[in-house]
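The structure under discussion appears below in the form of structure tokens.
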Amino acid sequence: MRWWDIAPVLALEAELFPEDAWSEGMFWSELAHARGPRATRHYVVAEEPSPDGSGRLVGYAGLAAAGGLGDVQTIAVARDQWGTGLGARLLTDLLQAATAFECDEVLLEVRVDNTRAQKLYERFGFEPIGFRRGYYQPGNVDALVMRHTVQGTETDSDGC
């Protein structure tokens, strides 16, 4: 994800998460930590192919990494792309980034009412470990916390 992706990301964010959409400032803050030798974030976008190279943004995802722990910050797929495998491809990219950051585990929060996303995460080996009550505001929706152990990392790694 680059700065020029923020406007289409915000449009998709508002469509998919009307009650708890991220602000423009939140995305700018995340991107500020996604470049250079001390990067602690990884963000990616997916676009529909088009002949002129100006494809519509149809998905995005982000990971934060610190101290051997990765955290899926966001993952979103346009509704007309559901069922195409795009969510799985975005999550695969994040898990590859977690490996590159030398993370031992990756955590995420998912709305308790988002069973579609929960099934995707379970397919990738994420396991439920707890709840965060009222995590999603202003709707006061609980979050299910899930954890994934990254393959190929050592348990005593210095971490991200």
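The values are calculated or read from the model by the stated rules, or taken from the named source; none is laboratory data. In this text, all values refer to a predicted model and were calculated from it rather than measured experimentally. No Cβ is skipped: glycine too gets one built from the backbone with ideal geometry, and neighbour counts run over all protein chains shown. For the accessible areas, the whole protein counts, side chains as well, though only heavy atoms, and no ligand, DNA or RNA atoms are used. Shrake-Rupley method; radii C 1.70, N 1.55, O 1.52, S 1.80 Å.
Counting heavy atoms of the protein chains alone, His33 has an accessible area of about 90 Å² for a 1.4 Å probe. Relative intensity of the range 40-160 on a log10 scale, I(q)/I(0) at q = 0.09, 0.23 Å⁻¹, equals -0.27, -1.33, per a Debye sum over C-alpha point scatterers of equal strength in the absence of solvent. For the chain, the antiparallel share of DSSP beta bridges with both residues in that region comes to about 90%.
Past the 14 angstrom mark, what percentage of all C-alpha to C-alpha distances in the range 15-84 do you count? Show your work: numbers first, answer last.
Numbers: 1631 of 2415 pairs.
In whole percent, the long-distance tail amounts to 68.
What the chain shows is 55 Å² of accessible area per residue, with the surface traced by a 1.4 Å probe over protein heavy atoms. Among the trypsin sites (Lys or Arg not before Pro) within the range 55-154, those in coil by DSSP and having at most 16 neighbouring Cβ atoms inside 10 Å are Arg56.
Shape analysis of the range 94-156 based on the Cα gyration tensor places the equivalent ellipsoid semi-axes at 25, 12, 10 Å, largest first.
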